[in-house]
Structures are given as C-alpha cells and as structure tokens.
Amino acid sequence: MLGAMDAAQAIGDLKEISPQVRDVVVIAPDGATAGSSLADEPAAARLADGAKRLLEAAEELRPGVAQLEAATTGGSVFVVRDGERLIAATTTPEPTVGLVFYDLKTCLRSIEEQPEPGRDPAPAKDKAEDAAA
C-alpha cells in the first residue's frame, strides 16, 4: 500500500488511474473542502455541498450509509465515507461502479490524516522497536 499523502497528490493519482472520474472533492470532518480537482473554488464548494446533501438524504432512509451513487443520463455522482471524511466525484456516463467505489476508497484512505489543532501526531514507531516486539 502506498504511504500517506496530501489530498492534492491523492486526487492527482486518482484522476490518472481512473479515467471515468471527472471532478473530485475531499471533505474534511469539519465539512470544509480538504482538496479538489476543480480549479474553481465555488464549483468545488457546490460539489461538496451536493455530496453532503445526498448523503444526508440517504441517511434519512438508511442510517449508516458508507457509499452511494446517483446516476444521471450525463454521468454519476459518487459519495464515499471513511470515518468522518468524505470523498465525492462526478463521472462519465455508465461508469464501472465497483471500480469507481474502489478507487475513491483507496484515494480517501491514502490521504494523510491531519492531527487536530493543538494535538501532536502519534510518534512513528522505530523499526528496532518493531523487531524487538
């Protein structure tokens, strides 16, 4: 598995390996946009807001939604949740659904989680400590 990376790098990698994916936005636990493939910030905010609203609507029907796809004639909107973070993407028409879900989950999980403000990240284990265990 790849090491942790920042959102921009993870999104770039996703777009490179998944040609069906058009636009991507990563949404932090606080609801802010943590990264996007869109150069236009208002467009990224609209995609993030739409993804959150889709997830909220789905949650009303089925609590515990982990992923969803909304298919349209022009393409699909995918939303994936991993813990408190979300990733949303638009795709070309008739995408390979399972592959897009897999790629979005992989992208989201590859993004380095930022420590909470005022909290130091957990120290990395020393290889010698691992060998002694």
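Exposure check, 1.4 Å probe, all protein chains in place: Arg22 carries approximately 100 Å² of accessible surface.
For segment 1-100, which GluC sites (Glu not before Pro) pass both filters: DSSP loop (anything but H, G, I, E, B) and at most 16 other C-beta atoms within 10 Å?
Of the GluC sites (Glu not before Pro), the ones in loops of segment 1-100 whose Cβ has at most 16 other Cβ atoms within 10 Å are Glu84.
With a Cα-only, solvent-free Debye model of segment 54-99, what are the log10 I(q)/I(0) values at q = 0.15 Å⁻¹? The calculated log intensity ratios at q = 0.15 Å⁻¹ are -0.39. In the context of the full protein assembly, Thr96 retains an accessible surface of approximately 80 Å², using a probe radius of 1.4 Å and ignoring ligands and nucleic acids.
The translational diffusion coefficient of segment 6-52, from Stokes-Einstein at 10 °C and 1.306 mPa s with a Kirkwood hydrodynamic radius over alpha carbon pairs, comes to 147 µm²/s.
The values are calculated or read from the model by the stated rules, or taken from the named source; none is laboratory data. Since the model is a prediction, treat every value here as computed from it, not as a measurement. FYI the Cβ positions are ideal-geometry reconstructions off the backbone, even for glycines, and counts take in every protein chain you see. In case anyone asks, the SASA skips ligands and DNA or RNA and just uses the protein heavy atoms, side chains included. Shrake-Rupley method; radii C 1.70, N 1.55, O 1.52, S 1.80 Å.
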